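Inspection log for the structure reproduced underneath, given as structure tokens.
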Amino acid sequence: MYNGIPYTPVTGSFDLTGKNAIVVGGAGGIGEATARMYASKGANIVIADCKDTCDEVAGKIVADYGVKAIGVKTDVTSQESVDNLVAKTVEAFGEVNILAAMPGFVDLYRATDIEIANVEKHIAINAVGVFRVCQAVANQMIKQEKGGKIVCITSQADFIAINKHVGYTMSKAALVGMIKVCALEWAEYGININGVAPTVVNTYMGERAWQGKVKTDMIEKIPVHRFAETDEIAAAVLFLSCNESNMITGEDLVVDGGFTIY
Ligand SMILES: NC(=O)c1ccc[n+]([C@@H]2O[C@H](COP(=O)([O-])OP(=O)(O)OC[C@H]3O[C@@H](n4cnc5c(N)ncnc54)[C@H](O)[C@@H]3O)[C@@H](O)[C@H]2O)c1
């Protein structure tokens, strides 16, 4: 019944026609860019986010790409909310084939000063929350017996120490470990799970964390001398969400303009 991840001839088209994709954190930033890129390749979309604008973002995707899309307000720190997301997706589209799990939280303090509750909040959203949604979707994929693709957004902070990022880095490093174990266990069900590790990206989160001198210093250190745009991250996520990457699992793909080569 289950036999790993089979070879499928690939064309380089990155086609997702007829696939159903959940994008968690999809109501803005990298998530919305990913949802749009998936839709441009023919996937139906579920926008899941704790924001109130999920339906609005989904509506614009329907108008712009002519695919089906729904919004499901979701909080990844709640099991009930995540179970509801999977149920609503199956109710609307019959099955789920792709999960982009990219909710995120960051708050910057030095390691001597950060409150433990703040560290726990990073872990609750960025690590446990992402695992909760991966687990729920993987179990649905296993039930469907058709495999699937899961991509999480990790960070350059997995590879390099960044000042005042202790809570964030602890949560993203946990995510990398989770991705590896799940890749090992879920390959036999035909499920690939990978991470994409960006440098600073021009989003609400990126602008919040990098302002003034820290911003100009950081840009100076990145060999390409700029931050990333959301579509550049979405393109890497798309690659890891289609047949073109069937042979890649448990990877954490760096998209950092060369920042971590030092
Ligand atoms: N922007 C950067 O510089 C950068 C760099 C590396 C990694 N990342 C990661 O990329 C991902 C996307 O971030 P972004 O830059 O697009 O920021 P963003 O703030 O635009 O998007 C994050 C989204 O996650 C949602 N979210 C937060 N908590 C949630 C919860 N409990 N349940 C459901 N949704 C929740 C937010 O509402 C928001 O829409 C995050 O995982 C972030 O850690 C961002």
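Equivalent-ellipsoid semi-axes for segment 107-185 (Cα gyration tensor, √(5λ), whole Å, largest first): 29, 13, 8. Phi angles of segment 65-78 translate, via the Karplus equation with coefficients 6.51, -1.76, 1.60 and θ = phi - 60°, into HN-Hα couplings of 10, x, 8, 8, 8, 10, x, 9, 4, 9, 10, 5, 7, 10 Hz per residue; Gly and Pro are given as x. Close amide H pairs (under 5 Å, H built 1.01 Å from N) link I45 with A21, K68, A69, I70, residues at least 5 positions away or on another chain.
Roughly what % of Cα-Cα distances in the chain sit above 22 Å, to the whole percent? That tail contains 53 percent of the Cα-Cα pairs. Inverting the pair-averaged 1/r between distinct Cα atoms of segment 1-138 gives 15.9 Å as its Kirkwood hydrodynamic radius.
Phi angles of segment 184-200 translate, via the Karplus equation with coefficients 6.51, -1.76, 1.60 and θ = phi - 60°, into HN-Hα couplings of 4, 7, 9, 4, 5, 8, x, 9, 8, 9, 9, x, 10, 10, x, 6, 5 Hz per residue; Gly and Pro are given as x.
Model label sites at E185 and D113, defined 7 Å from Cα along the beta-carbon direction, differ in position by 3.9 nm. Our compactness index for segment 57-190, the C-alpha radius of gyration over the empirical 2.2 N^0.38 Å, is 1.17. Ordered by the count of other Cβ atoms within 10 Å of each Cβ, fewest first, S171, S78 give S78, S171. Taking amide H as placed 1.01 Å from N in the peptide plane, the amide H of C152 sits under 5 Å from that of A101, N194, G195, V196, each at least 5 places away or on another chain. Close amide H pairs (under 5 Å, H built 1.01 Å from N) link G258 with no residue at least 5 positions away or on another chain.
What is the distance in Å between the Cα centres of segment 1-68 and segment 165-182? Measuring centre to centre over Cα atoms gives 24 Å. Taking other residues whose beta carbon is less than 14 angstrom from the beta carbon of F159, and scoring Lys, Arg as +1 and Asp, Glu as -1, yields -2. Here segment 15-85 was treated as a single set of alpha-carbon atoms; its pair distances binned every 5 Å from 0 give 4, 22, 31, 23, 13, 6, 1 percent.
Shape analysis of segment 197-262 places it in the prolate category; the axes a ≥ b ≥ c from the Cα gyration tensor give an a/c of at least 1.5, with a/b above b/c. What is the list of residues in segment 25-49 whose amide nitrogen lies under 15 Å from a point 7 angstrom out from the Cα of D55, following Cα to Cβ? Only 47-49 fall inside the zone, counting backbone N under 15 Å. Phi angles across segment 9-26 convert, under the Karplus curve 6.51 cos²θ - 1.76 cosθ + 1.60 with θ = phi - 60°, into 3J(HN,Hα) values of x, 10, 10, x, 8, 6, 6, 10, 3, x, 7, 10, 10, 9, 10, 8, x, x Hz, Gly and Pro given as x.
What you get for the chain, charging only the Cβ of Lys and Arg (+1) and of Asp and Glu (-1), is a dipole of about 140 debye around the Cα centre. Overall size of segment 51-129 from C-alpha positions, given as principal axis extents largest first: 51, 25, 21 Å.
Coordinate-derived values only; no laboratory data. Treat the numbers as computed from the prediction; the structure is a model and nothing was measured. For neighbour counting, all protein chains shown are included, and Cβ atoms are generated from backbone atoms with ideal geometry for every residue, glycine included.
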